[in-house]
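Below: one structure, written as structure tokens.
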Amino acid sequence: MVNLESEIAALAARWVVEEGLEYGPAKRRAAKSLGLSGRGGLPSNDKLEDAVMEYIATFCADTQPAELLALRQLALAWMERLIDFRPYLAGAVWHGTATRLSDIYIQLFCDDCKSAEIALIDQHVSYEPRTVKGFNGEPVEALSVHAFCPGLQEEIGVHLMIYDCDDVRGALKPDAKGRVPRGDVSALRRLLGEMA
């Protein structure tokens, strides 16, 4: 079973990096391509993230650092633009496994859930509202934007997840690997400084 999970993780990692698939669909597609059905026996997200890091180190070591830098710079620009809503960066761009095919996930912690949407309207930003599963498993509103990334010279998906301001307390608990699962503007600036 462990070898099968590793095989699924390795195959899914390729699709995460090369096609920009999210973890869930990548794992299911990998299992299906290996002739497996159902959700049983799929690797954890942590195991898949390890496989993604290994894949990047093996096949993308010459391009991924510059792509990650460009995505983090774009994320910082959006976080500064929305600083009033206590933005936190999460996902692959925060954890360092992002490539040019990765979207940016910024979590906003608002006193009024409509205030971020009003700010985008005031800034003449086109967005698509949707409902997605949040970090605590509950449905949350997300505002999805296509933003031009100067460092990559292409459009990138930026997803603004809207949370109540009280949700930030639970958002900063370390993940299974002991890492902070998201970072604010100051934390992202530190990461960018380390990359320079």
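Coordinate-derived values only; no laboratory data. Because the structure is predicted, anything quoted here is derived from the model rather than measured. Ideal geometry is used to build each Cβ from the backbone, glycine not excepted, and the neighbour counts take in all protein chains shown.
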For the chain, the helices passing both cut-offs (Cα extent along own axis of 18 Å or more, Kyte-Doolittle mean at least -0.5, full DSSP H runs) are 2-19, 45-59, 64-81
Fraction in percent of alpha-carbon pairs per bin - 5 Å, the chain: 1, 7, 15, 18, 19, 17, 12, 6, 3, 1, 0
Spatial separation of Cα centroids for segment 180-196 and segment 127-175, in angstrom: 17 Å
Exposure proxy check on 84, 184: fewest-to-most Cβ neighbours within 10 Å is 84, 184
What ranking of 27, 177 emerges when the number of other C-beta atoms within 10 Å of each C-beta is taken as an exposure proxy, fewest first? 177, 27
Of 179, 28, 72, which is the most mobile in a GNM of the chain whose springs link Cα atoms less than 10 angstrom apart? 179
For segment 43-81 and segment 88-108, what is the separation of their Cα centres, given in Å? 7 Å
If each residue's Cβ is checked for other Cβ atoms within 10 Å, how do 165, 60 rank with the fewest at the top? 165, 60
Using helices alone, what [θ] at 222 nm do you get for the chain, with -39,500 (n - 2.57) per DSSP H run of 4 or more residues, divided over all residues and rounded to the nearest 500? -14000 deg cm²/dmol
How much of the DSSP bridge set in segment 64-195 is antiparallel, in percent, rounded to the nearest 5? 75 percent
Of the candidates 77, 102, 115, the farthest towards the positive dipole end of segment 64-129 (Lys/Arg Cβ +1, Asp/Glu Cβ -1, centred on the Cα centre) is 102
Here the relative contact order (percent) of the chain, from C-alpha pairs under 8 Å and at least 6 apart, is 20 percent
